[in-house]
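Here the structure is laid out as structure tokens; the discussion comes afterwards.
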Amino acid sequence: FQDHRMAMKMLISKVQTICNNVQHANVTFAWKSATPVHPHIVVFKSTRKFGSIEKVEHRIRYMSNTRALDVYQYQKEICKEMDIPFLDVYEAYDLSASWHFPTDGRHYRTEVNQLIVNWFYSTSEDVEFDHHFKEY
């Protein structure tokens, strides 16, 4: 992960330079935390479209919550070190396994993404969310 750490620091420095430009003086930069993966969703919801269980297992081979947690923790450390606001949504997504797209343990559905982003960027009057689970 050392290359990723260096790349993250370089990216933040570059964005800070741009944001400090007079044209962008009112821009606030924040880092959204990494999110966990849920490989059990891929196996549980496997369908003919994605083939046999062996093909599903191949697709999830590198899905690792240990890796995702490591990335989350060091990104949080770097943001603290560089004094960057950190939108810490890891645990909210960790509790949202049922909100993945079918047979996809990496990407979350739009509804839950919007709900979680609204925690940071809206007033209660702006939030509209259908809390009924929709199975895809």
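Residue 117 satisfies every condition listed in (1) among the hydrophobic types (A, V, I, L, M, F, W, C); (2) under 23 Å from residue 28 (Cβ atoms); (3) surrounded by 17 or more Cβ atoms within 10 Å (Cβ to Cβ) except (3).
Hey, among the residues in segment 102-130 that are of a type in the set (A, V, I, L, M, F, W, C) and at pLDDT 80 or above, which one's farthest from residue 40 (Cα to Cα)?
119
Only one entry in 32, 45 is within 25 Å of residue 116 (Cβ to Cβ), at pLDDT below 80, basic (Lys, Arg) and surrounded by 11 or more Cβ atoms within 10 Å (Cβ to Cβ), namely 45. Candidates are the residues of segment 103-114 that are open to solvent by 50 Å² or more (accessible area, probe 1.4 Å) and outside any helix (DSSP H, G or I); the one that is nearest to residue 54 (Cα to Cα) is 106.
The values are calculated or read from the model by the stated rules, or taken from the named source; none is laboratory data. Note that this is a predicted model, so its numbers are computed, not measured. Glycine gets a Cβ as well: all are built from the backbone with ideal geometry, and neighbour counts include every protein chain shown. Keep in mind that these areas ignore ligands, DNA and RNA; they rest on the heavy atoms of the full protein, side chains included. Shrake-Rupley method; radii C 1.70, N 1.55, O 1.52, S 1.80 Å.
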